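Colleague: Supplied in structure tokens, the structure appears directly below.
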Amino acid sequence: MDLGKLIQDRIRDVDDYPQPGVVFKDITPLLADHVAFAGVVDAIVNHYGRGTIDKIVGIEARGFILAAPVAYHFGAGFVPVRKKGKLPSRTHEETYDLEYGTETIEIHLDALRPGERVLIVDDVLATGGTAAAAAELVRRGGGDVVGLSVLLELSFLHGRDKLRNLDVHSLVTV
């Protein structure tokens, strides 16, 4: 099975969403295909190896969908990084630029223990702002960022350039 081709075949472009000029990468067809979805989860876990990660950080919202089963397969905890105001307890926060505005994300103050090995998982690496902010939150919380794993990297937006200090693993690069 060619996982890269399967992934590309299951992601559709939606023009002008969430605003004019943006081409949104819709992963819902991939999620609906159990072979593709399982292949993505297995590929992320296999890249890093079972037993090497303590916590998986998933970035709101589509990152949660990928990160939770990855955490399960690693035998690791799952930690959500959410948009400002969505977490119920005390948080660290980080504001960053993205391709169509600015955003602030948060992580609970007690989500990580010092020295825990953390893998950040998200669906798409675009400009790199979200991933860089999530990595900063992990570091501020005491975690050791092992890497960032994404389903799809949009190389034309040069997001990897903001993440030079991270091991970036993308299943498909366009």
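Colleague: Please give the length that would be gained between residue 139 and residue 84 if that part of the chain were fully extended, namely 0.36 nm times their separation in residues minus their C-alpha to C-alpha distance (nm, one decimal).
Modeller: Values: separation 55, 0.36 × 55 = 19.80 nm, distance 1.81 nm.
Extra length from residue 139 to residue 84 when fully extended: 18.0 nm.
Colleague: Show the residues, 5+ positions off or on another chain, whose built amide H is closer than 5 Å to the amide H of residue 22.
Modeller: Distant-sequence amide H within range of residue 22: 16, 17.
Colleague: So what J values fall out for segment 2-14 if you push phi through Karplus, 6.51 cos²θ - 1.76 cosθ + 1.60 with θ = phi - 60°, rounded to Hz, Gly and Pro as x?
Modeller: After applying 6.51 cos²θ - 1.76 cosθ + 1.60, I find 8, 4, x, 5, 4, 4, 4, 5, 9, 10, 10, 8, 10 Hz.
Colleague: On to the next question. When the label point is put 7 Å from the Cα of residue 167 along its Cα-to-beta-carbon vector, which residues of segment 113-134 have a backbone N closer than 20 Å?
Modeller: Those under the cut-off are 113-125, 131-134.
Colleague: What are the trypsin sites (Lys or Arg not before Pro) within segment 46-110 that DSSP puts in a loop, where the Cβ has at most 16 other Cβ atoms within 10 Å? Please list the in-between numbers first.
Modeller: Details: sites: 50, 55, 62, 82, 83, 84, 86, 90; in loops: 50, 84, 86, 90.
Answer in residue order: 50, 84, 86, 90.
Colleague: Residue farthest toward the positive end of the dipole of the chain, with Cβ of Lys/Arg at +1 and Asp/Glu at -1: which of 163, 104, 142?
Modeller: 142
Colleague: In terms of the Cα gyration tensor, with a ≥ b ≥ c the square roots of its eigenvalues, is segment 1-97 rounded because a/c is under 1.5, prolate because a/b exceeds b/c, or oblate? The partial results should precede the final answer.
Modeller: On the way: a/c = 2.48, a/b = 1.04, b/c = 2.38.
The shape class here is oblate.
Colleague: Could you state the number of Å between the C-alpha centres of segment 32-77 and segment 127-157?
Modeller: 15
Just so you know, all these numbers are worked out from the coordinates, no wet-lab data involved. Everything numeric in this text was worked out from a predicted model, so none of it was measured. When we count neighbours, we look across all protein chains shown, and the Cβ atoms used for this are built from the backbone with ideal geometry, even at glycine.
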